[in-house]
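Trainee: Below is a structure I'd like to ask you about.
The values are calculated or read from the model by the stated rules, or taken from the named source; none is laboratory data. Given the structure is predicted, the values throughout are model-derived calculations rather than measurements. Neighbour counts run over all protein chains shown; Cβ positions are idealised from the backbone, glycine included. Surface accessibility is based on the protein's heavy atoms, side chains included, excluding ligands, DNA and RNA. Shrake-Rupley method; radii C 1.70, N 1.55, O 1.52, S 1.80 Å.
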Amino acid sequence: MPATKPTPIPAVKKQSKPPRGSLAPDRIAAILKALDEAYPNAECALTHNSPWELLVATILSAQCTDVRVNIVTPELLRRFPTPQKMAKATLPQLETLIRTTGFFRNKAKSIQGAARKIVADFNGQVPQTLAELITIPGAARKTANVVLGVCFNKAEGIVVDTHVLRIARRLGLAKGETPQRVEQELMQIIAQRRWIDFSHQIIHHGRQICLARKPKCNRCNLEQLCTSKDKTFQS
Ligand code: SF4
């Protein structure tokens, strides 16, 4: 009997991995998964008991550590616990209380102005929309997004602070050089339901691992997804 010709086995199409720097949905999903694994309970580190307190703390946190802000806010908010009371504070009173947070003259003007605006235009309550929040002195998009996300569970944008700006660029998720540009880029590629957690997770990552100088890449669970020129370790 003539030998039967073996049936050729169809070639298995190799699943191609997305290039490391790409914005392919599966790469972004892998980054989000790794962040969930590393920081499952990431939360805002500024101590607060109300939207007003978080608004004040976030204004004070510019160019200052959260640890320092958390030292300053208890006495400040004990003296001026509401927008109504803060609106009547003098600038020298506020400056003395917040001096150690840096840029204290501008910050005193901002928190006094914020209190007065909230009393005058928002019936003494911190508003719950981005459009309203950004009309408050000292509250640009970053501050507004922090308050909306943490206090009202609303994601109208993504918090882009110095950590998010740096790490989004290192991971190739954004190319922009300003927080505004990077926020727009991130909003295009990350599902809105992830916006609040994503910022908290990246901020924790920036504080613990992906430091501005000498990132601890040998301890980073995103290392295989990262092609940053700043890397200090390559697996
Ligand atoms: S590998 Fe290094 S540079 Fe990349 S995200 Fe991790 S710590 Fe940052």
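Trainee: If you count only protein heavy atoms and use a 1.4 Å probe, how large is the accessible surface of Glu156, to the nearest 10 Å²?
Mentor: 80
Trainee: Sum up the charges of everything whose Cβ sits under 14 Å from the Cβ of Ala57, counting Lys and Arg as +1 and Asp and Glu as -1, but leave Ala57 out.
Mentor: Working: positive: Arg68, Arg78, Lys107, Lys142; negative: Glu43, Glu53, Asp66, Glu75, Asp161.
Residues close to Ala57 contribute a combined charge of -1.
Trainee: Okay, moving on. Lys and Arg at +1, Asp and Glu at -1: add these up for the other residues within a Cβ distance under 11 Å of Ala89 and post the number.
Mentor: Combined, the nearby Lys, Arg, Asp and Glu give +3.
Trainee: Set Lys and Arg Cβ to +1 and Asp and Glu Cβ to -1, take the dipole of the chain about its Cα centre, and tell me which of Gln234, Pro127, Phe152 lies farthest positive.
Mentor: Checked the options; the winner is Gln234.
Trainee: For the chain, what does -39500 (n - 2.57) per DSSP helix run (n ≥ 4), summed and divided by total residues, give at 222 nm, in deg cm²/dmol to the nearest 500? Walk me through the numbers before you get to the answer.
Mentor: Numbers: 11 runs with 119 residues, N = 235.
So the calculated ellipticity at 222 nm is -15500 deg cm²/dmol.
Trainee: Given Lys107/Lys229; Lys175/Lys229; Lys85/Lys117; Lys117/Lys142; Lys107/Lys142; Lys107/Lys154, which pairs have Cα atoms separated by over 24 Å? Walk me through the numbers before you get to the answer.
Mentor: Numbers: Lys107/Lys229 36 Å; Lys175/Lys229 14 Å; Lys85/Lys117 13 Å; Lys117/Lys142 18 Å; Lys107/Lys142 15 Å; Lys107/Lys154 26 Å.
Going by Cα-Cα distance, Lys107/Lys229; Lys107/Lys154 fall outside the 24 Å limit.
Trainee: Determine, for each peptide in 113-123, 52-62, the mean count of other beta carbons within 10 angstrom over its residues, then list the peptides with the highest first. Kindly include the intermediate steps, with their values, before the conclusion.
Mentor: Values: 113-123: 17.6, 52-62: 24.1.
Put in order of decreasing packing, that is 52-62, 113-123.
Trainee: What residue among Ala155, Ala30, Ala144 shows peak mean-square fluctuation when the chain is described by a Gaussian network model with Cα springs under 10 Å?
Mentor: Ala30
Trainee: Could you order peptides 43-50, 192-199, 79-86 by the average number of other Cβ atoms within 10 Å of their residues, highest first?
Mentor: Values: 43-50: 15.5, 192-199: 18.9, 79-86: 17.1.
Order by mean packing, descending: 192-199, 79-86, 43-50.
Trainee: Here's a follow-up. Can you list the equivalent-ellipsoid semi-axes of segment 28-93, largest first and in whole Å, using the square root of 5 times each Cα gyration tensor eigenvalue? Don't skip to the end; give the middle numbers.
Mentor: Numbers: eigenvalues 212, 26, 20 Å².
Whole-Å semi-axes of the equivalent ellipsoid: 33, 11, 10.
Trainee: Taking the Cβ of Arg116 as the centre, find all other residues whose Cβ is under 12 Å away and add up their charges (Lys, Arg: +1; Asp, Glu: -1).
Mentor: Numbers: positive: Lys85, Lys88, Lys109, Lys117; negative: Asp121.
Combined, the nearby Lys, Arg, Asp and Glu give +3.
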